[in-house]
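Worksheet: the structure to be examined is printed underneath.
Computed from the coordinates by the stated procedures, all read-outs in this text should not be read as laboratory data. Here the structure is a predicted model, which means the values were calculated and not measured. Counting neighbours? That spans all protein chains shown, and the Cβs are built from the backbone with ideal geometry, glycine included.
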Amino acid sequence: PVVRLVDYRPSDFLIDRVELDVRLHPSETRIKAILSIRPNPAGRADAPLILDGDELRLLDLAVDGTALPPDAFAATPQNLTLFDPPRAPFRLTIETVVDPSANTKLMGLYRSGGVYCTQCEAEGFRRITYFLDRPDVLSVYTTRIEAEAGEAPVLLGNGNPVAAGAIPGTSRHFAVWEDPHPKPAYLFAIVGGRLDRVAEPYRTADGRDAEIAVYVEPGKSERAAFALDALRRSMRWDERVFGRNYDLDVFNVVAVSDFNMGAMENKGLNIFNDKYVLASPQTATDTDYANIEAIIAHEYFHNWTGNRITCRDWFQLCLKEGLTVFRDQEFSADERSRAVQRIGDVRTLRARQFPEDAGPLSHPVRPTEYREINNFYTATVYEKGAEIIRMLKSHIGAADFARGMNLYFERCDGTAATVEEFLACFAEASGRDLSHFARWYAQAGTPRVVVSGTYDAGGRTYRLDLAQSTAPTPGQPLKEPVVIPVALGLVAEDGGRLDAHSPRVRDDGVFVLDRASDSILFSDVASRPVPSVFRGLSAPVRVALDLSDADLLTLLRHDTDPFNRWQAGQSLATRLLVRLAGVSRPDGAEAEGLAQALLAFLRGNAEADPAFAAQVLSLPSEAEIAQEIAADVDPDAIHRARKAVRAHVGGALRGELMRLRDALASSAPYSPDAASAGRRSLRNMALELIAAGDSGAGAGLVAAQYRDADNMTDRLAALAVNAGLPPSAEREALFQDFYDRYRAEPLVLDKWFAIQAAMPEDGTLERVLRLMNDPAFSITNPNRVRSLVGSFALNNATQFHRADGRGYAFLADMVVALDGTNPQVAARLLTAFGTWRTMSAERRQGAEAALRRVASKPDLSPDVSDIVHRSLG
Ligand code: ARG
Ligand code: ZN
């Protein structure tokens, strides 16, 4: 069944209060729900009451305490219908029973490593009790949880704890939680289990005393300290930057080891994939620390953007997700390096969102229809959604943006809102018409902006011509121009000052392109400038601007915008890589110009900003080059080209890279701060390039760094470079050593799985098949599956896209195998086929055959069925 935005109508009934009594049991958990229901004045007066369910079993039912006659209702696993419910407020009592241990979908109430937990977004609450499981039904919840005291000494719910105690004469105990803030069912959560806790007091800027805490597997509490610290910093930042205070007496974060996504913002009780909580220098990398900080912040920020103000319906998902991603990106930029953060965010956007938007799964940031909402937690909704907020801010300016946010928080607090209501706040705050800007939410596809410049020395003028277009996407054959803020500047060839100006460019350097084409005329341009456009990537577009190598070098050297300095290096490399991917025996010597540019850059900048330098040294990924080529892609050719360039650059820069490795080495104990992480990233980038240039020298450095590392970042970096060395017994011995050291650390072994699954060589598929039989692997744990199978499909272009089709066949097998137990994870894996139409002809054949084989399976889940049909469509 297809759900359509145009069909939205308010619920016929509302549920003001929910009283739950959950008696936890491994296989028979009973849930008694008392729902205070009333007809919705905005709904139909004579409608039946149809509550949602999913695999539910009804034990008992009563209206205002009286059992219903059998012909007054119908109960199936999917629905509970009252044919003629009271037309005045009433209390509906429902008792259901569920089996948490058998719940392999990890939606609703399930057990993870012996811990009871829940995941209700998007439609999981209906797997616990019958309900109006839609985000515009807001209720106040009281939850009583009961369990064996030995099995689940910790019992957590949403809101504030109000009572707890033993149940006399039994081995059981209980806790009662009350959440005063009305919320939709998808924000409901409970947790029960044996957990260790780290906590600290927190006083909000507006004077509320709260306790903030992180719960983890027993014995791992030192690994929770960083998450708690990140939480406190997130709370302060939201007070300072958005004026948002926390609103309960406690804030709890719980780490669980089986989780479909990253984390979940349940009110007052965030539940996390443990990968995004647990960190110690010995088990987590700098990247892990940064991810933990970002995701802790993201889920916390949802308290206002998502929870206090939620979504009217799931089409509005970007209202909370895009905005909250924007907020977490800004937090990380403030806490770390703004330029490096932006480069990372743009890399993610280009690696994940651009391909999605160019393929069969392309959809608008606000979709207009869906078959399975879980398939719309996408890079488009999240990352492009965040880009829209970023553009809104640059379009109307920071001051009006801040006013608009305040208006939104004030006006929409306590409501289930829409994108229109959100935009109305900014239209009002800025006095502008944002109806054209709103097209970003409705139109799918990545706009392409062609830019060209013309200098007139005589008239001392410079003209920039800009033209935008967007290719058709599924269901949208015709595209209209969108509002594109272009942050730009002109750079003098010698790096000196240019006083060029144009009335069409605002003081803050932004020009708004809102029609198909336009041009900007600059006057008083003393010498031929180099245009620097889309600074900071001011819009989620592809930019086509043909600058000469010399002009790109000018930008790499002199641009005042660090993002565009980095971009200039990337553009230089991309052009070379695309060219070399077109020849059968790429000659690395062609990279000499690039190598010299990078060398000059390093000499001037490396020590001042190592994190930024590491980004400049890091060549565009194989996936980015493939996107650039766009049709009849041969991943082997791309890999050969990239390898040749890396080998040449590594050789040419060897001396400087060795020097930098020494200069950046540190004897201080590990600290995850951004500056220290930046030095490690450049040292490790240097290691990678040295090894690319000379595998013998690389092997020696790898062995030493691996052995001497006092932290996971450096040890894992060595292991990753090891994976790229030519096959040898020593290479395998290092993998074995890593396994032996960390055999008791599943999250560390995930890194070991991921690195091996990404090895760009013939035997990798066999290796992956072998690793699936390793005792450390588990097909029911999403982290294990993503590390091994996901890494193979997404980070190993040559092997997943093997010309013989075996990579595709393997993924199809995995999707089919997983669909029976965890459809969400299966569907997510299947999206790896998203670029199949851009591949070479024989690969397309293999991919299509694999997709058709999946499609032909009977009883596919809606999740997999939706993705497979759109992928083929
Ligand atoms: N709201 C969560 C977050 O963005 C993601 C939950 C996704 N859940 C799902 N079933 N698709 O942090
Ligand atoms: Zn989110």
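If you go through the stretch 338-346 one residue at a time, do you hit one that is under 19 Å from Phe226 (Cβ atoms), assigned to a helix (DSSP H, G or I) and within 16 Å of ligand 2 (Cβ to nearest atom)?
No.
Mind checking which residues of the stretch 523-543 are within 22 Å of Ser502 (Cα to Cα) and part of a strand (DSSP E or B)?
Ser523, Pro529, Val530, Pro531, Ser532, Val543, listed by residue number.
What's the total number of residues in the stretch 358-393 that are away from ligand 2 (no atom under 16 Å from the Cβ) and among the β-branched types (Val, Ile, Thr)?
Residues meeting the conditions: 1.
Quick test for you: out of Ala402, Ala416, pick the one residue that is surrounded by fewer than 23 Cβ atoms within 10 Å (Cβ to Cβ), more than 21 Å from the chain's Cα centre (by Cα) and closer than 21 Å to Ala185 by Cα.
Details: Ala402 fails: closer than 21 Å to Ala185 by Cα.
It is Ala416.
Would you point out the residue of the stretch 307-319, among those that are surrounded by fewer than 24 Cβ atoms within 10 Å (Cβ to Cβ) and not hydrophobic (A, V, I, L, M, F, W, C), that is nearest to ligand 1 (Cβ to nearest atom)?
Here the answer is Asn307.
Please identify the pairs in which a residue from the stretch 289-300 that is more than 16 Å from Gly678 (Cβ to Cβ) has its Cβ atom under 6 Å from the Cβ atom of a residue that is within 11 Å of ligand 2 (Cβ to nearest atom) and part of a helix (DSSP H, G or I), counting only partners at least 6 apart or on another chain.
Listed by first residue and then by second, the contacts come to Ala294/Asp328; Ala297/Asp328; His298/Thr324; His298/Asp328.
Quick check on my filter: what residues within the stretch 708-741 are in a loop (DSSP other than H, G, I, E, B) and more than 17 Å from Thr764 (Cβ to Cβ)?
Hits for the stretch 708-741 are Ala709, Asp710, Asn711.
For the stretch 454-508, which positions are among the acidic types (Asp, Glu) and either buried (at least 19 other Cβ atoms within 10 Å of the Cβ) or in contact with a Pro (Cβ under 9 Å, 6 or more places away or on another chain) (or both)?
Step one: of the stretch 454-508, the residues among the acidic types (Asp, Glu) are 456, 465, 480, 493-494, 499, 507-508.
Selection gives Glu493 alone.
Being of a type in the set (A, V, I, L, M), within 23 Å of Ala581 (Cβ to Cβ) and crowded, with 24+ Cβ neighbours inside 10 Å is the filter here, so list the residues in the stretch 760-796 that pass it.
The one that is of a type in the set (A, V, I, L, M), within 23 Å of Ala581 (Cβ to Cβ) and crowded, with 24+ Cβ neighbours inside 10 Å: Ala793.
With Ser112, Ser101 as the choices, which residue is away from ligand 1 (no atom under 16 Å from the Cβ), touching a residue at least 12 places away in the same chain (Cβ under 8 Å) and hydroxyl-bearing (Ser, Thr, Tyr)?
Ser101
Out of the stretch 245-258, which residues are assigned to a loop (DSSP other than H, G, I, E, B) and either surrounded by 24 or more Cβ atoms within 10 Å (Cβ to Cβ) or within 19 Å of the chain's Cα centre (by Cα) (or both)?
Ser257, Asp258
Against the definition (hydrophobic (A, V, I, L, M, F, W, C), within 11 Å of ligand 2 (Cβ to nearest atom) and farther than 17 Å from Gln119 by Cα), how does Ala279 come out, yes or no?
no
Looking only at residues that are part of a helix (DSSP H, G or I) and surrounded by fewer than 20 Cβ atoms within 10 Å (Cβ to Cβ) in the stretch 797-828, which one is farthest from the chain's Cα centre (by Cα)?
So, considering only residues that are part of a helix (DSSP H, G or I) and surrounded by fewer than 20 Cβ atoms within 10 Å (Cβ to Cβ), the one farthest from the chain's Cα centre (by Cα) is Arg806.
Looking at Pro610, is it buried (at least 22 other Cβ atoms within 10 Å of the Cβ) and more than 25 Å from Ala674 (Cβ to Cβ)?
no
For the stretch 202-243, which residues satisfy the criterion of being closer than 24 Å to Ser280 by Cβ, small (Gly, Ala, Ser) and surrounded by 16 or more Cβ atoms within 10 Å (Cβ to Cβ)?
Hits for the stretch 202-243 are Ala213, Ser221, Ala224, Ala227, Ala230, Ser234.
Can you tell me which of (1) more than 25 Å from Gly108 (Cβ to Cβ); (2) free of Cβ contacts under 8 Å to residues at least 24 places away in the same chain is the one Asp859 doesn't meet?
Failing condition for Asp859: (1).
Could you count how many residues in the stretch 285-337 are in a helix (DSSP H, G or I), of a type in the set (Asp, Glu), more than 30 Å from Leu749 (Cβ to Cβ) and away from ligand 2 (no atom under 14 Å from the Cβ)? Quick ask: steps written out before the conclusion?
Just the residues of the stretch 285-337 that are in a helix (DSSP H, G or I), to begin with: 286-301, 314-335.
From what's left, of a type in the set (Asp, Glu): 286, 288, 293, 299, 321, 328, 330, 334-335.
Add one more test, that the residue is more than 30 Å from Leu749 (Cβ to Cβ), and what stays is 321, 330, 334.
Filter once more, so that each one left must be away from ligand 2 (no atom under 14 Å from the Cβ): 330, 334.
Residues flagged as in a helix (DSSP H, G or I), of a type in the set (Asp, Glu), more than 30 Å from Leu749 (Cβ to Cβ) and away from ligand 2 (no atom under 14 Å from the Cβ) within the stretch 285-337 amount to 2.
For the stretch 349-379: of the residues being within 14 Å of ligand 1 (Cβ to nearest atom) and of a type in the set (Val, Ile, Thr), which is nearest to the chain's Cα centre (by Cα)?
Thr378
Quick one: Gly114 ticks every box in (1) under 32 Å from the mean Cα position of the chain (by Cα); (2) within 16 Å of Val18 (Cβ to Cβ) except a single one, so which number is it?
Only one criterion is unmet by Gly114, namely (2).
Which one is farthest from ligand 2 (Cβ to nearest atom), of the residues in the stretch 249-269 that are free of Cβ contacts under 8 Å to residues at least 60 places away in the same chain and under 24 Å from Val825 (Cβ atoms)?
Of everything passing the filter in the stretch 249-269, Ala255 is farthest from ligand 2 (Cβ to nearest atom).
Asn564 versus (1) in contact with a Ser or Thr (Cβ under 6 Å, 6 or more places away or on another chain); (2) not in a helix (DSSP H, G or I): which is the lone unmet condition?
Every listed condition holds for Asn564 apart from (2).
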